[in-house]
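Visitor: My questions all concern the structure below.
The values are calculated or read from the model by the stated rules, or taken from the named source; none is laboratory data. Given the structure is predicted, the values throughout are model-derived calculations rather than measurements. Backbone-built Cβ (ideal geometry, glycine too); neighbour counts: all protein chains shown. For accessibility, only protein heavy atoms count, side chains too; no ligands or nucleic acids. Shrake-Rupley method; radii C 1.70, N 1.55, O 1.52, S 1.80 Å.
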Amino acid sequence: MLSQNKNGGTEKKPKEVIFRIFRFDPNIDEKPYFQEFKLMAEPGLTVLYALFRIIEEQDSSLALRYSCRAGICGSDGMIINGKFRLACQTQVHELNSDVITISPLPGYPVIKDLVVDMSYFFEKLYSVDPFLQPDEEHLPEKEFIQYPKDFEKIEEPGRCILCGCCTAACPVAWTNPDYLGPAALLKAYRFVDDTRDTKRSERLKKLDHENSVWRCHTVFNCVEACPKNLHPTDAIQRLKRSIFVNRVKSIFKRT
Ligand code: F3S
Ligand code: FES
């Protein structure tokens, strides 16, 4: 809702919004349902703060996960009006709708309401060794030196906040629980191309299996879902090339 301010510009006014929220407590409910809550939403109100107000003013049993409130921790990925978004980074007024439908990330078991069980997601992540493995015998006395051109390669994948939206959006991950998924592969790529890491070849060999990059069907849902505008599909294609080159190099080394 827009109104004219004294300088002739327009400003948004509070408006009533209906929140349709997915509810499901597996200990009590036979099946999931949507519950409606009405709220006056001021300009600047984020969906996360709207959910806080619903909990404080209307129903304290509503469950959600959050932490930083600033788009850093990746805890509050959810489907908001049909799109993967972070609740803390989504303003109610910018959705331009009087009805806001919120549901949990698909593809993960629901623990309660908007909270999903991401154990599978983190298992896959840990399986790619998501940490730097430098040469322990020759560690620098101070910090590692890295040239800007080398940092640029890993800057984008390093911005992943592990919200799980990409893996939740991937149809291959829905149908194959053994698939590593776009988030784990993006993280793998981030370390494969890190000049400070000494395990590039071992990492690439470990990633060369049927439920890794070769399982990706280049669907691009992961790219569309990412609230940080990262490109897991591109990282997966680069990994495929690196794995192939590494295979060829290993064959030549043996001969
Ligand atoms: Fe899935 Fe993304 Fe590949 S959606 S199939 S990981 S391109
Ligand atoms: Fe941390 Fe939204 S609460 S990303």
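Visitor: Rounding to the nearest 10 and keeping the result within 0 to 90°, find how far the Cα-based axis of helix 47-57 lies from the longest principal axis of the chain.
Guide: For helix 47-57, the angle is close to 50 degrees.
Visitor: Using Cα-Cα distances under 8 Å and only pairs 6 or more residues apart, what relative contact order does the chain have, in percent? Numbers along the way, then the final one.
Guide: Numbers: 410 pairs, mean separation 40.5, N = 255.
Answer for the chain is 16 percent.
Visitor: In addition: Can you compute the modelled spin-label distance between ASN176 and ILE28, with each label point 7 Å from Cα toward Cβ, in nm?
Guide: Taking the two extended label points, one gets 4.0 nm.
Visitor: Scanning the chain for trypsin sites (Lys or Arg not before Pro) in DSSP loops with at most 13 other Cβ atoms within 10 Å, what's the longest stretch left with none?
Guide: Working: sites that count: LYS6, LYS142.
Looking at the chain, 7-141 is the longest stretch - no exposed trypsin sites (Lys or Arg not before Pro) with at most 13 other Cβ atoms within 10 Å.
Visitor: Please state the shape class of region 188-247: rounded when a/c is under 1.5, otherwise prolate if a/b exceeds b/c and oblate if not, all from the C-alpha gyration tensor.
Guide: Working: a/c = 2.66, a/b = 1.45, b/c = 1.83.
Oblate, because a/c is 1.5 or more while a/b does not exceed b/c.
Visitor: With the other protein chains left in place, how much accessible area per residue, in square angstrom, belongs to the chain at a 1.4 angstrom probe?
Guide: On the way: 14260 Å² over 255 residues.
For the chain, the solvent-accessible area averages 56 Å² per residue.
Visitor: Pull out the extension gain between ASP117 and GLN146, defined as 0.36 nm times the separation in residues minus the alpha carbon to alpha carbon distance; nm, one decimal.
Guide: Numbers: separation 29, 0.36 × 29 = 10.44 nm, distance 3.71 nm.
Residue separation times 0.36 nm, minus the Cα-Cα distance, leaves 6.7 nm.
Visitor: Any idea what the dipole of the chain comes to, in debye rounded to 20, about its Cα centre with Lys/Arg Cβ at +1 and Asp/Glu Cβ at -1?
Guide: On the way: 36 positive and 35 negative charges, 177 e Å.
The dipole of the chain has a size of about 860 debye.
Visitor: From the residues LEU207, THR167, GLN35, which one has its Cα farthest along the dipole of the chain in the positive direction, the dipole being from +1 and -1 charges on Cβ of Lys/Arg and Asp/Glu about the Cα centre?
Guide: Projecting each Cα onto the dipole axis, the largest value belongs to LEU207.
Visitor: Would you work out the relative contact order for region 100-213, in percent, from Cα pairs under 8 angstrom that are 6 or more residues apart?
Guide: Details: 118 pairs, mean separation 36.4, N = 114.
Dividing the mean separation by the residue count of region 100-213 yields 32 percent.
Visitor: Show which lysines lie in cross-link reach of LYS12 when reach means a straight Cα distance below 20 angstrom and same-chain residues fewer than eight apart are skipped.
Guide: Answer for LYS12, where 20 Å is the Cα cut-off: LYS38, listed by chain and number.
Visitor: Rounded to the nearest 0.05, what FRET efficiency do GLU16 and SER61 give with R0 = 25 Å and r taken as the Cβ-Cβ distance? Could you check? Kindly include the intermediate steps, with their values, before the conclusion.
Guide: On the way: r = 23 Å, r/R0 = 0.92.
After rounding to 0.05, the efficiency reads 0.65.
Visitor: Another question, then. To the nearest 0.05, what FRET efficiency results for ARG241 and ALA70 with a Förster distance of 35 Å applied to their C-beta separation? Could the numbers behind the result be given before it?
Guide: On the way: r = 35 Å, r/R0 = 1.01.
Efficiency computed from Cβ-Cβ geometry: 0.50.
Visitor: Based on the Cβ-Cβ distance from TRP214 to LEU132, what FRET efficiency comes out when R0 is 30 Å, to the nearest 0.05? Each step should come with its number before you reach the end.
Guide: Details: r = 26 Å, r/R0 = 0.86.
Rounded to the nearest 0.05, the efficiency is 0.70.
Visitor: Right, here's the next one. Classify region 1-155 as rounded, prolate or oblate, taking a ≥ b ≥ c as the square roots of the eigenvalues of its Cα gyration tensor: rounded when a/c is under 1.5, otherwise prolate if a/b is larger than b/c and oblate if not. Can you show the working numbers first?
Guide: Details: a/c = 3.23, a/b = 1.47, b/c = 2.20.
In terms of gyration-tensor shape, oblate.
Visitor: Same structure again: For helix 181-192, what angle does its Cα long axis make with the longest principal axis of the chain, in degrees from 0 to 90 and rounded to 10?
Guide: Once rounded, the angle reads 50 degrees.
Visitor: Whenever you get a sec, compute what percent of the accessible area on the chain sits on carbon and sulfur atoms (1.4 Å probe). Write out the running numbers ahead of the final one.
Guide: On the way: 7300 of 14260 Å².
Result for the chain: 51 percent of the exposed heavy-atom area is carbon or sulfur.
Visitor: Can you pull out the GluC sites (Glu not before Pro) in region 114-213 whose DSSP state is coil and whose Cβ has at most 15 other Cβ atoms within 10 Å?
Guide: Working: sites: GLU123, GLU136, GLU137, GLU141, GLU143, GLU152, GLU155, GLU202, GLU210; in loops: GLU141, GLU143, GLU210.
In loop regions of region 114-213 (DSSP not H, G, I, E or B), the sparsely surrounded GluC sites (Glu not before Pro) are GLU141, GLU143, GLU210.
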